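Comments concern the structure below.
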Amino acid sequence: MKKATVTYTAPKGDSKMVEMLGHTFYDGQSQEVVCEDANMTRLQGNRYFKVSGVSDYDPEQDAPKPPHDDKHKGKAA
């Protein structure tokens with residue numbers, strides 16, 4: 001998967017909002033997008049989207065960690 005900042009620029013006379021790849025983009029507003037590599041390539045090849053800061057993304061690495069159980073910390077057995 002890939003992660004990047006994506007900005008949509010609407011063509012003159014066209015809608016100021018577009019939905020693509022499960023995201024809603026508004027003209028001139030950037031947003032963070034996480035998607036499969038092939039979809040990132042599609043965005044990069046579309047002249048109405050500016051894609052910057054592309055990096056690899058691992059959803060498991062960014063998942064919230066379970067709370068750490070400290071109730072036995074410091075107690076002698």
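Data overview
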read-out: Pairs where the first residue, in the range 1-18, is over 24 Å from residue 34 (Cβ atoms) and the second is not in a strand (DSSP E or B), C-beta under 7 Å, 6+ apart; value: 11/48
read-out: Members of the range 11-37 that are closer than 18 Å to residue 1 by Cα and either open to solvent by 70 Å² or more (accessible area, probe 1.4 Å) or in a loop (DSSP other than H, G, I, E, B) (or both); value: 21, 22, 32, 36, 37
read-out: Some residue of the range 40-54 being closer than 15 Å to residue 4 by Cα, of a type outside the set (S, T, N, Q), modelled with pLDDT of 95 or more and exposed (fewer than 10 other Cβ atoms within 10 Å of the Cβ); value: yes
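The values are calculated or read from the model by the stated rules, or taken from the named source; none is laboratory data. Bear in mind the structure is a predicted one, so any value in this text is a computation, not a measurement. Glycine also receives a Cβ, built like all others from the backbone with ideal geometry; neighbour counts cover every protein chain displayed. SASA here: full protein model, heavy atoms, side chains in, ligands and nucleic acids out. Shrake-Rupley method; radii C 1.70, N 1.55, O 1.52, S 1.80 Å.
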